[in-house]
Amino acid sequence: MALRKRRIGLIRFDEPALPLPALIDCVFLLLIFFMVTTEFPKYEGKLETNLPRLGAAKLLPKPEDFADEVTIEVQADPATGEGRFLINNREFTADELTILLTRLAELYPTQAVIIQGEPNVRHRDIVKVLNACHRAKVVSISFMAL
């Protein structure tokens, strides 16, 4: 630490002075350290879902009180690889699926939806069905292997 000499009368006093270049170096080193070690939260990333595999779960008898379930089959089109959405063997687009689920949710507020996906279906097609359920305000969603 550098000392400046100050003279008052006949007695000399050494006044402490701050070494500014050293302090600036420390501040920059701390700034670099915090910039390198800071991890920001990832709000969007990969969708971590595990679709059930065929035969992975035991088949349970279907209770009678779930008569208002809708089963949406998601299949991959062999020609294009795009997802096909089927309800009772009738094909729907994502927009038609949203409209249908909205009408059903208005009629039956506790509407349950089961999503059956083939193993080779792309996850984005499953997400399209989940988005349709979200827009229709369907909250009871289950997954099943096809």
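Rule-based calculations on the coordinates, nothing more; no lab input. Since we're looking at a predicted model, the values are computed, not measured. FYI the Cβ positions are ideal-geometry reconstructions off the backbone, even for glycines, and counts take in every protein chain you see.
What is the spin-label model distance, in nm, from Glu69 to Ile99 if the labels are put 7 Å beyond Cα along the C-beta direction?
Computed distance between label sites Glu69 and Ile99 equals 2.8 nm.
What order, most packed first, do the peptides 22-32, 123-133 have when packing is the mean number of other Cβ atoms within 10 Å of each residue?
Ranked by mean Cβ neighbours within 10 Å, highest first: 123-133, 22-32.
Multiply the residue gap between Leu30 and Val139 by 0.36 nm, knock off their C-alpha separation, and tell me the result in nm, one decimal place.
On the way: separation 109, 0.36 × 109 = 39.24 nm, distance 4.79 nm.
Extra length from Leu30 to Val139 when fully extended: 34.5 nm.
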